[in-house]
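Colleague: Handing you a structure now.
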Amino acid sequence: MSRINRPPVLDGDAISASDLNDRYADYTQTDINEFNTRDAAVDLPQFERDNNRGFLAKVGTSVLIGKQDFYHAAPVTLNGMGTAPSAAYVIGDGVSDTVLGPLGAGLAVVDDTNILRVYWSLNVRPQFTGTPWTTSSTPSAEYQVPHTSAGSTGVATNATCWALYLQWDVTSAALTNWTEVPYQGDFTANPTGTIRGSLLENTAATSVVPAWTTRHDAVDREATGAEVANPIGWRGVSGHYFYTTAMGASVTVYGLRLVVKGPMHPFNFNGRNYLVQQPDIVDGGNITLQHTVGRLGFIINKVK
Amino acid sequence: MKQDVYEVPRAGGVETRLPQQPENASRAENLRHDKKTGGWSTRLGYEKYYPNVTTWSPFNSTITGAIDMGPVYSLHVAQMLGGGARQHTLFEADGALYLLYEAAGVPTILQTLATGRHVPTPTEAASWFTDTPYGVVVTNGVDRPVLVNPWPLGQQGAGQYASSTISSCIRDFGFTSSPPPVDPHRNVAFQAASPITADYTSAAAGASTTITCFSDTRAIADGGRWGLGFATNSGADFAKEALFGWSCSFITDTGSEGPLSALSTTTWELPGNAAGFRHAIALDIPTGPPGTVARRIYRTTNFSDDYTAPGDTTLYFIDDVRNNVEEVFIDCVRTAALGAAAPTVPTGPLPAPAARFSTLFKGCLFLDGGISDQRTLYYSAPGLIEQFDAAAFIELSSQGGGITALYGNYTNLVIFREESIDVVSGDYAAGFQVTTLTNSITCRAPHSIKAIPGLGVVFLALDGVYAITGGLEGGAINDLVKLTLTQDELVERITLDCHPKSVACYSAEAREYHLYVPYDGNDRPNKGLVLHIDRIGQGDLSPWSTRDGFPIGAVATRYDGSIIFGHNTGCQDGAGDGVNRGLFVISGKRAMGYSYDAGSQSLVVNGPPTSVYRSAWFDFGDAQVKKQVSYVTLWVMTTGEPTITLRHYKDFSLRVTAERTYKAQPPDQADLPVFDTVTLNAGAIYEDHRLVPLRFSVAQQSCSWFSFEFTTTDDLIFIGYELEYTTKGTRVVMGKRA
Amino acid sequence: MKKWTQRELRAGGVVDPSAVNDELRAQQSSMTTLDREQLSADWVNETHLADYAIIRGYFDARYPSTNYGEQTIQSDAAVTPSNGFLSIIPRLDPGSWFDINETSGAITLSGFKGGNLFAEWSGNALVFPPFAATQKIEFPQNPKYLGLRILVNNSLLVERRGPAYHEHFRIFGAGNFPAGDLELRLQAKVTSVGPDDPLVILPGGTQQVPQAHLYSNKYCVLGRFR
């Protein structure tokens, strides 16, 4: 900091040019800092703004994704994946992919002073025909609830789902190098056998949609009667992800997009939890996910 | 030749207004009031708080590593037990609040209570401390108010108890907001008539309960007294709805109750043909933040349409859970046995989370609203310093500006504002009233306000030091007296924007009010104005003197009146071994700080302060008549070998004429014994100071005005003086022609 | 703060100390006590501003990081079927609100300087819904939800009834808080099983039904200071 710490002129002091110049030179100081300002000295006008970008909120935008179809007249229909691993579907309008980008170079930059926050929503309707959960598969989509005497009743796990997740391109505005965002896997890892999926610790950018829901009567800890399946119907799914340099290096983001895989199911192995593909229950188009429109947006704001 | 003599039996303090009273001084610097004689003594200086420690410890090291301590900008000595038995010294530097923990002699480390606190700018006053029976409330207008109670605390030293438990000595003051809601478990009514004739099969779903209470007084020994809702449903279908709501609040260790949580309800109906049972409800109750000692549970009556008070959600007291641990409460209190209603004016969260000032008055804790709410005053319930009713506030008038300080004194609470001074009178029960004392005096230096016995509340205003005397009740006369009427030049030199940095203390032991102010453009106190209480009311004698060279950042007094202060710069401009830092004490030590001696690699004391006394400009009655001053006689106490060199001036010119030097020994008797030369067992006796005249011959040609001066770093006690002069009647010539 | 002329020197005026002192004393305000009227526009940039002067972010993309972003109350493999998550089984259900990080509990948001706090918690949750209506229970029966709430300093910031299927959730809230370290708690509450709900499943009858699970947990908290 800079202080003026000079005694006043006293009666009897010599009238000298050097003393006067020293006093004036006190006002030529370069290390002005917070100790030279009063409280509330820094107001909005003092904050530097770069080309109308905010000081705290650096950049942000959003786009519509999927297909705009308010009345659900002809939604996009995605069939369940009968093989594993399978490539993910890219959320699009049925003709082409809908992505956020390309963003210009130097626009969406994430460094150690800020955070990239991504939000998405999508109008979805998971559908099924028959009782796919009764089909034998690994992992199974049913629990066998024992009877008090012999035998058991199958009860759907209600855990089968579709997994939407986020990809980005941090290479160039050509958007030819899409990868999963950090802390997100692509559900192709192979923990055992033919199982393909990702550890739950790699699902940070995943939002799941339940494939179906069932209800079952029970008495005294025993499932009884018939199982009734209820369609989920049109609903909105939201998703959220963020990235900071605590998770990786500084990046420039050129594009974001949403992709989906399914049906998926929980699986645990060697003491760890996974979300894995469940291809065995797929038969043609018996399990589908329909979607219409949604929105994908991001904001980069200062955190430091 | 016959001489005229002008006698000043008692020399006065500083006066700047012209013409000066002859007894006063143009300059009285670094002098104390000597209590034995009533004269001026030069025996002062300052020393480290720990004079025997060879380093700056503990102000340059903590258990975690070396710290360099910057300016100390707030300081407070809290008296937690009467008689000075337990004093806590709290101070702030570098954004941290420290406790100088002295329970076991010289500490090797400071205890850090909090870090990351706001560092005041040059225009802001430092933290404000208010002692309450529960601890010290610390506010600074930016950080959340905290309550500090640094006792009990264990041993010092690395790894010892004090370091690991210090965090329990400080907590946030007041309530943040409402507690999370109470979560009542769903009640499933008992499905049987009375008498029971069949097994009861559970119909309770997850986390529901069926807790029954016999409604018949003869059923069990204590039957009929417990349970909520209806006991009987004579119809065939479900009916007789019970609808109850619950709320809870936290009680802290100050006895204060916080705001109520939102109402949460549960409801049930009795099955057909039910009889014999009321029900108890299990509640999940929240636990509170640190400082919570109990939870208070409230409940409504049955406000369903089937009961007598549909829609009446008035809350009544159920019970206190006297801990902050238990999570499930079973409520079986019948509506008829409900306690008192919850407060009609609900307690809210802390209404002033950015308060700058606080004070206790009539048992209530008063807080100002802070920088952004600067005209509102909030007050707590009496004796419950964290309990603020939503309606317990006073909105001050728009004229008068924001609140700059609060001071409880006598029967009134004085509110210092930017453009006026208001007073609050009354009490909590009858209500508080605000009146304006004056709207022509502006106090912007909150830490300059001190109550001085016999005088009143003394403070620094923009145009001088004032005292509020008297009172407003009974036959008392209230007055606002300016104490620096003739010392305006001293006040004018205070850096205007930095008035909030001024600090003051009153020492009952020294009978002095010390005011340290930023001077001549400086941004921190570098000059002291001292009001000597014993010199007030002695005719025209000025009771003021100045202090120079005391690097005061913040000042406080201990129980015995010792004045301690924090260094105003510390390591801010450098961190070498010789940089003075931390806490010091103004004492009789004849030194002004310390320097580092590279040779011996140790701290050595600097020399004593330079004390100066320059008399008023005296015209001997008529300034136009030329006088010849021949002698100046100084009346001093014989303090031994200290020397006095007299200098004198004439006609407002400070070109010095120095006279010879004398010792402070009797002029016409044997020297008194002095230290370092007296021989033990050689017959010398202890002898007290004597009042002796030291007459200086002054070679002064004619003058209209005369003034003399002496400066010394020796021990001297100066009582009064005499001036001997003659005059021939010659008058000053006419002025110079332009 | 700005100051105006205290003493203008004029030709022929006496050279007294206050001729220099008075003006320089007032003009110290151009060196100390600078206010917003004096400071120029656009001068505060990233370099000039100290870290966390006006905003601070607290985040963890996998919370609790010691458990891969999943809640710490978890069954072990011996009692969990392979087609289920190691999760909250009925035996482990605390019955009331629990921190998703039961091991260390609260998250300390240190250095909060006072102002607005925005807290956001998102993830995916699995709830086992089939036995909402069984034979022995009365209306309104027992639909399963996973309650979610965020507490700041033991005060409720936001609470939601929460997911009822295997689906994504996001809960957020904002409030004004004074300066000081804040304690953040992310809590959930399982709807407990009813008297009829099956608890064990084959094979072996030793395995238990996964009742609820939270994963991909992450929080992002932003404090904007006054």
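The values are calculated or read from the model by the stated rules, or taken from the named source; none is laboratory data. Note that the coordinates shown come from a computational prediction; the quantities given were computed from them, not determined experimentally. Here the Cβ is made from the backbone with ideal geometry for all residues, glycine too, and neighbour counts use every protein chain on show.
Colleague: Among the residues of segment A:172-212, count how many are in a strand (DSSP E or B) and away from chain C (no Cβ under 13 Å).
Modeller: Final tally of qualifying residues: 3.
Colleague: Evaluate segment C:24-31: report whether one residue or more is assigned to a loop (DSSP other than H, G, I, E, B) and either of a type outside the set (Gly, Ala, Ser) or out of contact with any Ser or Thr (no Cβ under 9 Å at 6 or more places or on another chain) (or both).
Modeller: Yes.
Colleague: Determine whether C:Gly84 is over 27 Å from A:Ala159 (Cα atoms) and assigned by TED's automatic domain parsing to the domain that holds C:Val200.
Modeller: Judged against the criteria, C:Gly84 is not a match.
Colleague: Next question. Can you say whether C:Tyr215 is aromatic (Phe, Trp, Tyr), assigned by TED's automatic domain parsing to the domain that holds C:Ser82, touching a Leu at 6+ places or on another chain (Cβ under 6 Å) and crowded, with 22+ Cβ neighbours inside 10 Å, as far as the supplied structure shows?
Modeller: It is true that C:Tyr215 is aromatic (Phe, Trp, Tyr), assigned by TED's automatic domain parsing to the domain that holds C:Ser82, touching a Leu at 6+ places or on another chain (Cβ under 6 Å) and crowded, with 22+ Cβ neighbours inside 10 Å.
Colleague: Can you say whether B:Tyr407 is touching a Pro at 6+ places or on another chain (Cβ under 6 Å), of a type in the set (Phe, Trp, Tyr) and closer than 30 Å to B:Thr176 by Cα, as far as the supplied structure shows?
Modeller: no
Colleague: A further question on this structure: Criterion first (more than 18 Å from B:Thr132 (Cα to Cα) and more than 14 Å from every other protein chain (Cβ to nearest Cβ)) does B:Thr404 satisfy it?
Modeller: no
Colleague: Further question on the same structure: Identify the residue in segment A:104-118 that is assigned to a loop (DSSP other than H, G, I, E, B) and either modelled with pLDDT of 95 or more or among the charged types (D, E, K, R) (or both) and, among all such residues, is surrounded by the most Cβ atoms within 10 Å (Cβ to Cβ).
Modeller: Among them, the one singled out is A:Asp111.
Colleague: Suppose we filter C:Ala132, C:Ala179 for residues that are without any contact (Cβ under 8 Å) to a residue 40 or more places away in the chain and facing another protein chain (nearest Cβ under 7 Å); which single one remains?
Modeller: Within the list C:Ala132, C:Ala179, the selection yields C:Ala132.
Colleague: Continuing with the same structure: Quick one: would you say B:Gly528 is in a strand (DSSP E or B), in contact with an Asp or Glu (Cβ under 8 Å, 6 or more places away or on another chain) and touching a residue at least 24 places away in the same chain (Cβ under 8 Å)?
Modeller: Here the answer is yes, as B:Gly528 does meet what is asked.
Colleague: Confirm whether B:Tyr519 is surrounded by 18 or more Cβ atoms within 10 Å (Cβ to Cβ), over 30 Å from B:Gln87 (Cα atoms), aromatic (Phe, Trp, Tyr) and within 14 Å of chain C (Cβ to nearest Cβ).
Modeller: Here the answer is yes, as B:Tyr519 does meet what is asked.
Colleague: Please determine, by comparing only the residues of segment A:244-256 that are among the hydrophobic types (A, V, I, L, M, F, W, C) and in a loop (DSSP other than H, G, I, E, B), which one is nearest to the other protein chains (Cβ to nearest Cβ).
Modeller: A:Met247
Colleague: For segment B:13-92, give me every one of the strands (runs of 3 or more DSSP E) that falls completely inside it and has 2 or more residues that are out of contact with any Pro (no Cβ under 9 Å at 6 or more places or on another chain) and outside the structural domain of B:Thr121 (by TED's automatic domain parsing).
Modeller: In segment B:13-92, B:25-29, B:45-48 are the strands (runs of 3 or more DSSP E) which contain 2 or more residues that are out of contact with any Pro (no Cβ under 9 Å at 6 or more places or on another chain) and outside the structural domain of B:Thr121 (by TED's automatic domain parsing).
Colleague: Need pairs with beta-carbon distance below 8 Å; first residue within 11 Å of chain C (Cβ to nearest Cβ) and touching a residue at least 60 places away in the same chain (Cβ under 8 Å) and within segment B:281-308, second among the acidic types (Asp, Glu) and part of a loop (DSSP other than H, G, I, E, B); sequence gap 6+ or separate chains.
Modeller: B:Asp284/B:Glu327; B:Ile285/B:Glu326; B:Ile285/B:Glu327; B:Gly291/B:Asp253
Colleague: Mind checking which residues of segment A:15-36 are assigned to a loop (DSSP other than H, G, I, E, B), within 8 Å of chain C (Cβ to nearest Cβ) and without any contact (Cβ under 8 Å) to a residue 24 or more places away in the chain?
Modeller: Within segment A:15-36, A:Ile15, A:Asp26, A:Tyr27 meet the criteria.
Colleague: For segment B:284-360, which fully contained strands (runs of 3 or more DSSP E) count at least 3 residues that are touching a strand residue (DSSP E or B) at 6+ places or on another chain (Cβ under 8 Å) and surrounded by 19 or more Cβ atoms within 10 Å (Cβ to Cβ)?
Modeller: Ranges flagged: B:292-299.
Colleague: May I ask you to list the residues in segment A:119-137 that are out of contact with any Gly (no Cβ under 7 Å at 6 or more places or on another chain), within 11 Å of chain C (Cβ to nearest Cβ) and part of a strand (DSSP E or B)?
Modeller: A:Val124, A:Pro126
Colleague: Could you check segment B:422-464 and list, in sequence order, the residues that are within 12 Å of B:Asn412 (Cβ to Cβ) and not hydrophobic (A, V, I, L, M, F, W, C)?
Modeller: Passing the criteria: B:Asp422, B:Ser425, B:Gly426, B:Asp427, B:Gln433, B:Thr435, B:Gly456.
Colleague: How many residues does segment A:42-59 contain that are within 14 Å of chain C (Cβ to nearest Cβ) and not in a loop (DSSP other than H, G, I, E, B)?
Modeller: Result for segment A:42-59: 8.
Colleague: Okay, moving on. Of all residues in segment B:93-105, which are part of a strand (DSSP E or B) and among the aromatic types (Phe, Trp, Tyr)?
Modeller: The one that is part of a strand (DSSP E or B) and among the aromatic types (Phe, Trp, Tyr): B:Tyr98.
Colleague: I'd like the full set of residues that are more than 7 Å from chain A (Cβ to nearest Cβ) and either of a type in the set (Asp, Glu) or under 32 Å from the mean Cα position of the chain (by Cα) (or both), limited to segment C:38-53.
Modeller: C:Thr47, C:His48, C:Leu49, C:Ala50, C:Ala53 - these are the residues of segment C:38-53 that are more than 7 Å from chain A (Cβ to nearest Cβ) and either of a type in the set (Asp, Glu) or under 32 Å from the mean Cα position of the chain (by Cα) (or both).
Residue by residue, here is whether (1) among the basic types (Lys, Arg); (2) more than 9 Å from chain A (Cβ to nearest Cβ) holds:
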position	(1), (2)
C:Arg10	yes, yes
C:Val14	no, yes
C:Gln27	no, no
C:Gln71	no, yes
C:Ala78	no, yes
C:Phe85	no, no
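Colleague: Sticking with this one: Given (1) touching a residue at least 60 places away in the same chain (Cβ under 8 Å); (2) in a loop (DSSP other than H, G, I, E, B), where does A:Asn158 come up short, assuming only one miss?
Modeller: Checking A:Asn158 against (1) touching a residue at least 60 places away in the same chain (Cβ under 8 Å); (2) in a loop (DSSP other than H, G, I, E, B), the one that fails is (1).
Rundown of residues vs (1) more than 8 Å from chain C (Cβ to nearest Cβ); (2) assigned to a strand (DSSP E or B), yes/no style:
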residue	(1), (2)
A:Glu227	no, yes
A:Gly233	yes, no
A:Gly236	yes, yes
A:Phe242	no, yes
A:Leu258	yes, yes
A:Lys261	yes, yes
A:Met264	yes, yes
A:Asn273	no, yes
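Colleague: Same structure again: Can you pull out every residue in segment B:213-231 that is within 26 Å of B:Phe317 (Cα to Cα) and touching a residue at least 24 places away in the same chain (Cβ under 8 Å)?
Modeller: Selection gives B:Cys213, B:Phe214, B:Ser215, B:Asp216, B:Arg225, B:Trp226, B:Gly227, B:Leu228, B:Gly229, B:Phe230, B:Ala231.
Colleague: Condition first: under 17 Å from B:Asp143 (Cα atoms) and of a type in the set (A, V, I, L, M). Now tell me which residues in segment C:170-193 satisfy that.
Modeller: C:Ala179, C:Leu182
Colleague: Right, another one. Report yes if some residue within segment A:164-171 is within 11 Å of chain C (Cβ to nearest Cβ) and either at pLDDT 95 or above or surrounded by fewer than 18 Cβ atoms within 10 Å (Cβ to Cβ) (or both); otherwise report no.
Modeller: yes
Colleague: When segment C:75-94 is examined, which residues are found to be modelled with pLDDT of 95 or more and within 25 Å of the chain's Cα centre (by Cα)?
Modeller: C:Ser87, C:Ile88
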